[in-house]
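Any read-out appearing in this document is the output of simple, stated calculations on the displayed coordinates, not a laboratory observation. These figures come from a predicted structure and were not determined experimentally. Here the Cβ is made from the backbone with ideal geometry for all residues, glycine too, and neighbour counts use every protein chain on show.
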Amino acid sequence: MPLFLATLLTGLGLIVLGVLLLLSTPMVVSSLKAMPRSPAATLVFFGGGLLWFLVRVATMGDADRIIGDSNVPWVIAFAVLGVLSVKYVPDFLAVRGLSILLLLVASPVLDASFMNFQPQVYPLNVLAYLAIVVALYLAAVPYRLRDFLQWLLAVPGRARGFGAGLLLYGILLNVLALTT
């Protein structure tokens, strides 16, 4: 993915999330509060993360594979683990799926800025590394996202302030994408 596209898409994603938090409509608030344990969010986040991960495993090269001559057993094993996770560990699976997606999104974003030492790239890299840290933390203690969302949405000003920050950072990334 080119650096321009990685920066632009990341900025647009932050703008959308920021606008949703700025508006804080009752539907957005109730959706965010229900997200950590929502079956629909589990399907979207965990299902999407699992599919993307399975594609990455299916297309990995020989150097990435430790055992075996084919990727097929690995794909089958991880697919079975994903299905068993949905069946036997459904609690906060949406948060873990979101963590998977954050980690998978960070990879092409960081690949796009690899060996580029222009100052315009640093805000994108900071966001990518912050997303990695947050994803690893939330994968380990997913109930913390529920606690954070409850705290954030308890006072409307907090959600709007956080949304404004995301919106401004997204605008900054888009400006940087269009000027480089």
Peptide ranges 161-171, 131-141, 66-76, 52-62 listed from the most packed, as the mean C-beta count within 10 angstrom indicates: 161-171, 131-141, 52-62, 66-76
FRET E, pair V44, R65, Förster distance 35 Å, beta-carbon r, rounded to 0.05: 0.75
Added length on full extension, which subtracts the Cα-Cα distance from 0.36 nm per residue, A154 to L104: 14.9 nm
Region 32-103 versus region 141-180: alpha-carbon centroid distance in Å: 26 Å
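Report, in order of residue number, the helices in the chain meeting two criteria: a C-alpha extent of 20 Å or more along the helix axis, and a mean Kyte-Doolittle hydropathy of at least 0.5; treat each whole DSSP H run as one helix. Mind showing how you got there, number by number?
On the way: long enough: 3-23 (30 Å, 2.70); 72-88 (24 Å, 1.80); 93-112 (29 Å, 1.87); 122-140 (27 Å, 1.90); 156-179 (34 Å, 1.06).
Span-like helices, by this rule, are 3-23, 72-88, 93-112, 122-140, 156-179.
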FRET efficiency estimate (nearest 0.05) - Cβ-Cβ, L51 to S31, R0 30 angstrom: 0.85
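Sorting check: for 80-88, 104-112, which peptide has the highest mean count of neighbouring beta carbons within 10 Å, and how do the rest follow? Could the numbers behind the result be given before it?
Values: 80-88: 12.0, 104-112: 16.9.
Going by the mean number of other Cβ atoms within 10 Å, highest first, we get 104-112, 80-88.
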Difference of contour (0.36 nm per residue) and Cα-Cα distance, Y137 to N116: 4.8 nm
